[in-house]
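Rule-based calculations on the coordinates, nothing more; no lab input. This structure is a prediction, so every number in the text was calculated from the model and none was measured. Counting neighbours? That spans all protein chains shown, and the Cβs are built from the backbone with ideal geometry, glycine included.
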Amino acid sequence: MKDMLVQVEPLIPALRRRYARVLMRDRAAADDLVQDCLERAVSRWHQRRDGSVHAWLFTILHNLAITQFRQATVRGRHMPIDDAGEQELVSAAAQEQRLIYRDVLSKLARLPEEQRAVLLLVAVEDLSYADAAKVLGVPVGTVMSRLSRARERLQQEMDAVGPRNVVALRSLK
């Protein structure tokens, strides 16, 4: 334990002041990152290989920072509730969008294979008509006609869904 303390303690200022603060751009977040780094180093000291403790600690710190950045992109950035405005606290319900998405996928699955393939290549994968024609091995005119028919049929399917699936809710008083 004393050996670890002798090797790690002199590196703490470099971890904290220079590297962590530059990475995190926030003093409190940098301090938290260094603390997490040191906790991990202490708990895994027995796993350390021979070599530079300096490099090992900076590797831990760097990997923890990368993990936090990835989590922040998935979760969104952390903001104290007192600092949040109304726009940050309000979001549209996602249920309706998921239902529409699922409905579009089911309608898309009903299209004939050649129409579905052209629609996906041009509309989703953003291929040009010429590139889609090369992928499918058909003339450009065939791609254009299949795409037109696919869009028309999908629009008809989606229009047919509209008012029939809307459920009228009655008001309870």
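Annotations for the structure displayed:
- FRET efficiency for the Arg17 to Ile66 pair, using the beta carbon distance and R₀ = 30 Å, is estimated at 0.90.
- Helix 95-110 axis, angle to the chain major axis (alpha carbon atoms, nearest 10°): 50 degrees
- Seen against the Cα atoms of the chain and their longest principal axis, helix 140-161 is set at about 90 degrees.
- Using the Cβ-Cβ distance between Arg49 and Ser91 with R0 set to 35 Å, the FRET efficiency from 1/(1 + (r/R0)^6) comes to roughly 0.15.
- Largest-first ellipsoid semi-axes for the range 1-87, taking √(5λ) over the Cα gyration tensor eigenvalues, angstrom: 29, 13, 11
- Between helix 27-43 and the chain: long-axis angle, C-alpha atoms, 0 to 90°, nearest 10: 70 degrees
- Net length gained if the chain between Asp31 and Glu114 were fully extended (0.36 nm per residue, minus Cα distance): 24.1 nm
- Positive-pole candidate from Gly51, Phe69, Gln35, dipole of the range 2-78, charges at beta carbon: Phe69
- Stokes-Einstein D for the chain, Kirkwood Rh over Cα pairs, 10 °C, 1.306 mPa s (µm²/s): 71 µm²/s
- Ranking of Lys107, Lys134, Lys2 by count of other Cβ atoms within 10 Å, fewest first: Lys2, Lys134, Lys107
- Take the Cα of Glu152, step 7 Å toward its Cβ, do the same at Glu39, and the gap between the two points is 6.4 nm.
- Under the convention that each Lys and Arg Cβ holds +1 and each Asp and Glu Cβ holds -1, the size of the dipole of the chain around its Cα centre is about 240 debye.
- If only the Cβ of Lys and Arg carry +1 and only the Cβ of Asp and Glu carry -1, the dipole of the range 12-85 around its Cα centre is close to 300 debye.
- Mean ellipticity per residue at 222 nm, deg cm²/dmol - from DSSP H runs of n ≥ 4 across the chain, formula -39500 (n - 2.57): -19500 deg cm²/dmol
- Residues listed by number, the range 101-125, amide nitrogen under 11 Å from Leu136 label point at 7 Å toward C-beta: 112-123
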